[in-house]
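Comments concern the structure below.
The values are calculated or read from the model by the stated rules, or taken from the named source; none is laboratory data. All values reported here derive from a predicted model rather than from experimental measurement. Using ideal geometry, Cβ is built from the backbone for each residue, glycine included, and neighbour counts are taken over all protein chains shown. Accessible surface is based on the protein model in full, side chains and every heavy atom, while ligands, DNA and RNA are left aside. Shrake-Rupley method; radii C 1.70, N 1.55, O 1.52, S 1.80 Å.
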Amino acid sequence: RETGLLFAVTTIAFGLVMIPFRGCTEIARTISNGELDHYLGYPFSPLFHVLTSKTDVSVIGDMLCGFLIYAILPGISLPEFLLVLASSILSAWIFLNVIIIFHSLSFFVGHFVEACDSFFHILLGFSFYPQTAFTGTIKVFMMTVVPAFFIFTLPVEIVRNFQWNQLLILLAYGTVTQ
């Protein structure tokens, strides 16, 4: 059940980010290629235009798979489904923020595109493992450098065992990364 919840929340959050904001994975490339000037001339937020410059329609299947995974789990209920939805939205918000922060390092570090791509895949790789799979240094790494714990594990824990303090920690982390 825990792994199913993890996959459901992760794939729903992934879909919520990648369908409308696929450009988030191209920020470093846009900066590196000098293409950011194109977006600076727009009357609205340049970041919003970079984020929405690409979409990935195939991710709709991933997101639907997340809902399907949740639907086949035993003991589902409407309140829990609402928690899954809320947790997925919070997870997507933090996921997008962390990607933007990491890609923004390209302003200061030259040729950072491959590092950003690797970070994205490391983040996703850590997201599909339950929290209990990591201990010691790797767990510290997962909570700081690659904050997969706050993006994927804590939202699942909120669904499994709702506590207000965990929700406040997640909201605080999302606000800090904003």
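For the range 105-122, a residue qualifies if it is in contact with a helix residue (DSSP H, G or I) (Cβ under 6 Å, 6 or more places away or on another chain) and of a type in the set (A, V, I, L, M), and exactly one does: Val113. Among the residues of this structure, Val98 counts as one that is touching a Pro at 6+ places or on another chain (Cβ under 8 Å) and either open to solvent by 60 Å² or more (accessible area, probe 1.4 Å) or under 25 Å from Ile31 (Cα atoms) (or both). The condition (being within 21 Å of Ile27 (Cα to Cα) and polar (S, T, N, Q)) is satisfied by just one residue among Ser127, Ser91, Ser77, Ser87: Ser91.
Among the residues making up the range 82-110, those that are in a loop (DSSP other than H, G, I, E, B) and without any contact (Cβ under 8 Å) to a residue 12 or more places away in the chain are Phe108, Val109. Restricting the search to helices (runs of 4 or more DSSP H) fully inside the range 1-69 and requiring at least 1 residues that are surrounded by fewer than 15 Cβ atoms within 10 Å (Cβ to Cβ) and over 15 Å from the mean Cα position of the chain (by Cα) gives 2-21, 36-40, 46-51. Here Ser77 passes the criteria (1) under 19 Å from Asp117 (Cβ atoms); (2) open to solvent by 20 Å² or more (accessible area, probe 1.4 Å); (3) among the polar types (S, T, N, Q) except the one numbered (1).
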